[in-house]
Amino acid sequence: MLMSELSERYARDGFVVLERFVEPAACSALMAAADSIVRAFRPGPEAVSVFTTHEQSRHTDDYFLGSGDQIRCFFEEDAIASDGVLRVPIERAINKIGHALHDLDPAFAAFSRRRELAALVAELGMGQPLLVQSMYIFKQPQIGGEVMPHQDHTFLWTDPPSVLGLWFALEDATIENGCMWALPGSHALPARKRFHRLPGGGAGFEVLDEAALPTAGMVPLEAPAGTCIVLHGLLVHRSGANRSPRSRQAYSIHLIEGTAHYRADNWLQRGPQLPLRGFE
């Protein structure tokens, strides 16, 4: 795809699907690095943190809120029984790893600052990109959780809106194993909510518009391994649950414009020892 065509599609649809963007060896290296992190993970009571995107049960525990400058593992909702015991082996129980892989793990740091990513982001108009968040998503077989329709700007709020997502399929992503879905053109919509830290502790949603996010017309973004999907921060997107026997591992990076104001009450915060950095 020519760069001009890429920019036009992104401006029109709010997303671009770039197949064969990442070579197979790079995908394998990230999967091996994630496997090493999980195998070294020894959860204590404070680390049994479940990741869910259902707002009624969205967790805001200290383990989650303190993960902006850490590498932490979060469990699948269906991996833990009511008595707290894992239903599956731990390597099959992790929903995701977040949220500073791109700065703290050598394999993810090298991948996240590849020259071609810097060129891609520059072509899409980011003048001073800062890498703010990274996540490794397992979408485990049979128990991989659904991700509800959302806009990334809700969670990484800047004034003006500037967040951009880069999502990499490390394994084939299909409708059967929970691929992403997106609503073309929905990046023209305003944000419906803002997820932020609360003065008394924890985090919650500020409702800006009571109207539900539209979902009619969403299209599946099936992606063979090595695909990069670029996502506008206001694009409405989701992913289905994985009830298939195959995982759907992926890695995502979120960037913000360095000239935009990142609010001090955004849920994701970093300590002074790990300031945000660009591609340098």
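The values are calculated or read from the model by the stated rules, or taken from the named source; none is laboratory data. Note that the structure is a prediction, hence the values are computed from the model and not measured. Note that each Cβ is placed from the backbone with ideal geometry, even for glycine, and that neighbours are counted across all protein chains shown.
In the range 194-204, is there at least one residue being modelled with pLDDT of 95 or more, farther than 20 Å from GLN133 by Cα and among the hydrophobic types (A, V, I, L, M, F, W, C)? Scanning the range 194-204, I find no residue that is modelled with pLDDT of 95 or more, farther than 20 Å from GLN133 by Cα and among the hydrophobic types (A, V, I, L, M, F, W, C), so the answer is no.
Say we look at the range 138-191 and pick out the residues that are charged (D, E, K, R) and within 15 Å of the chain's Cα centre (by Cα); which of these is farthest from GLU91 (Cα to Cα)?
Selected residue: ASP152.
Taking the listed residues VAL121, VAL132, the one that is under 18 Å from the mean Cα position of the chain (by Cα), part of a helix (DSSP H, G or I), modelled with pLDDT of 95 or more and more than 14 Å from ALA33 (Cα to Cα) is VAL121, with no other qualifying. Evaluated against (1) closer than 24 Å to GLY178 by Cα; (2) of a type in the set (A, V, I, L, M, F, W, C); (3) not in a strand (DSSP E or B), MET126 falls short on exactly one condition, (1). Scanning the range 254-266 for residues that are surrounded by fewer than 23 Cβ atoms within 10 Å (Cβ to Cβ) and not small (Gly, Ala, Ser) gives GLU257, THR259, HIS261, TYR262, ARG263, ASP265, ASN266.
Within the set GLY145, GLY127, GLY165, the sole residue that is among the small types (Gly, Ala, Ser), touching a residue at least 40 places away in the same chain (Cβ under 8 Å) and buried (at least 23 other Cβ atoms within 10 Å of the Cβ) turns out to be GLY145. Restricting attention to the range 45-95, and to residues there that are basic (Lys, Arg) and at pLDDT 80 or above, which single residue is farthest from the chain's Cα centre (by Cα)? Out of the qualifying residues, it is ARG87.
Scan the range 33-42 for residues that are touching a residue at least 40 places away in the same chain (Cβ under 8 Å) and not in a loop (DSSP other than H, G, I, E, B) and jot them down. Those that are touching a residue at least 40 places away in the same chain (Cβ under 8 Å) and not in a loop (DSSP other than H, G, I, E, B): ALA33, ALA34, ASP35, ILE37, VAL38, ARG39. Only one of the numbered conditions (1) outside any strand (DSSP E or B); (2) farther than 28 Å from GLY278 by Cβ; (3) touching a Ser or Thr at 6+ places or on another chain (Cβ under 9 Å) is violated by PHE205, and that is (1).
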